[in-house]
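Asks: Just dropping this structure here.
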Amino acid sequence: AHSHFYDLCLATELATEYLDKAFAAMTEARLGRTIDVVLENALDKATVNPYVGSLWIRRHAEQKRLSECINRLDWMVRQGATALWHCAAREYLQACGQLNLPEQIKTFIKRYGRSLQAETQSWGVAGTALYNLGEMQGTADWMLEWEERRDVTAWMLWDLALALRALGREEESRCVSN
């Protein structure tokens with residue numbers, strides 16, 4: 001199981017569903033220590049599938065160990081592992097939201113704002129995280145340049161439209177919704 005999971009983690013063109021299935025099967029088989037070792041070793045390889053960053057964060061979230069992730073996320077930035085970092089960053093923000101860790105979300109967005117803004121998926125997840133914290137003005141400010149993004153999708157704009165409506169900015173909300 002160890003070597004097969006490791007090989008999947010290094011298959012850069014592999015669909016995420018296969019990694020998810022392997023992760024779930026190993027979790028169900030109570031192979032947590034093996035998962036941890038494989039994910040840590042795979043993260044050190046230049047050929048790692050970027051989605052492994054998401055699984056690594058998910059594993060830490062399951063164990064309520066998200067506070068241990070920041071050093072590794074910093075390492076990913078220093079290594080120039082952009083795709084890996086974005087997968088991990090999105091999962092980190094979502095996990096912090098699920099675990100009700102508002103200060104970690106705010107600190108993360110403040111610390112990595114430019115990196116999050118650089119990629120539309122990460123930008124959208126950060127906007128959703130701010131909205132879910134009740135930060136209506138923060139959401140509106142964060143997503144201000146939404147029209148400049150060519151790859152923006154409806155799910156990213158939903159929370160912006162709601163935030164603008166909550167702020168009484170009905171016309172802008174309608175514009176975002178269309």
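Asks: For GLU62 and LEU14 in one chain, what is 0.36 nm times their gap in residues minus the Cα-Cα distance, to one decimal in nm?
Replies: On the way: separation 48, 0.36 × 48 = 17.28 nm, distance 2.38 nm.
Length gained between GLU62 and LEU14: 14.9 nm.
Asks: Per residue, how much accessible area does segment 41-178 show when a 1.4 Å probe rolls over the protein heavy atoms, in square angstrom?
Replies: 52
Asks: Right, another one. Could you work out which residue, out of ARG58, ARG111, ARG90, moves most in a Gaussian network model of the chain, that is, has the largest mean-square fluctuation with Cα springs under 10 Å?
Replies: Top of the fluctuation ranking is ARG111.
Asks: Taking the Cα-to-Cβ direction at VAL37 and at ALA24 and moving 7 Å from each Cα, how far apart do the two end points lie in nm?
Replies: Rounded to a tenth, the inter-label distance reads 2.6 nm.
Asks: Also, quick follow-up: Gaussian network model of the chain, Cα springs within a sub-10 Å range: biggest mean-square fluctuation belongs to which of GLN98, GLN63, GLN79?
Replies: The residue with the greatest mean-square fluctuation here is GLN63.
Asks: Could you check the spin-label model distance between ARG150 and HIS2? Points 7 Å from the Cα along Cα→Cβ, value in nm.
Replies: 4.7
Asks: Oh, and also: List the trypsin sites (Lys or Arg not before Pro) in segment 127-178 that DSSP assigns to loop (not H, G, I, E or B) and whose Cβ has at most 10 other Cβ atoms within 10 Å. Which are they?
Replies: Here the sparse-neighbourhood loop sites are ARG150.
Asks: For the chain, what relative contact order do you get, as a whole percent, if you take Cα pairs closer than 8 Å and at least 6 residues apart?
Replies: Dividing the mean separation by the residue count of the chain yields 13 percent.
Asks: Go through (i) 38, 27, 22; (ii) 56, 30, 30; (iii) 101, 33, 16 and flag the label whose value is the computed Cα extents along the principal axes in Å for this structure.
Replies: Label (ii) holds the value from this structure.
Asks: A follow-up question, please. Specify the inter-centroid distance of segment 131-178 and segment 1-50, based on alpha-carbon positions, in whole Å.
Replies: Going from one Cα centre to the other spans 36 Å.
Asks: Determine the calculated [θ] at 222 nm for the chain from helices alone, applying -39500 (n - 2.57) to every DSSP H run no shorter than 4 residues and normalising by the residue count; nearest 500 deg cm²/dmol.
Replies: -22500 deg cm²/dmol, from helical runs alone.
The values are calculated or read from the model by the stated rules, or taken from the named source; none is laboratory data. Everything quoted here is computed from the prediction, not taken from an experiment. Please note: Cβ atoms are built from the backbone with ideal geometry, for glycine as well, and neighbour counts cover all protein chains shown. Heads up: the accessible areas ignore ligands, DNA and RNA and are worked out on the full protein's heavy atoms, side chains in. Shrake-Rupley method; radii C 1.70, N 1.55, O 1.52, S 1.80 Å.
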